[in-house]
Amino acid sequence: MTTDDAHNDGQAPGLQFPCAFEIKAMGIDDGRFHEVVIEIIRQHCDAIHDGSVRTRASSGGKYVSV
């Protein structure tokens, strides 16, 4: 079966690489968590585009998601 055949049977196509893939990391907002997450991602990805990383604090401000 070719890739074109898979599209003809009514199924949605799978991931097409290279592609953007969203991940989320959550942890205690110690002031450095954001930088640590970015460092780890850079070890595994060629480039992180400006504006592609967002952060959001928890309602109590103790935790942050990146």
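Points to keep in mind about this one:
- Adding -39500 (n - 2.57) for every DSSP H run of four residues or longer, then dividing by how many residues the chain holds, sets the calculated 222 nm ellipticity at -7500 deg cm²/dmol.
- In this Cβ point-charge picture (+1 for Lys and Arg, -1 for Asp and Glu), the chain has a dipole of about 460 debye about its Cα centre.
- Acute angle (nearest 10 degrees) that the helix 33-44 long axis makes with the longest principal axis of the chain, alpha-carbon atoms: 30
- Listed values (1) 17.5, 52; (2) 13.1, 37; (3) 10.5, 30, entry calculated as Rg and Dmax of the Cα atoms in Å: (1)
We did not get these values from a lab; they are worked out from the coordinates using the rules stated. Just so it is clear, the structure is predicted and the values come from calculations on it, not from any experiment. Note: ideal-geometry Cβ built from the backbone for every residue, glycine included; neighbour counts use all protein chains shown.
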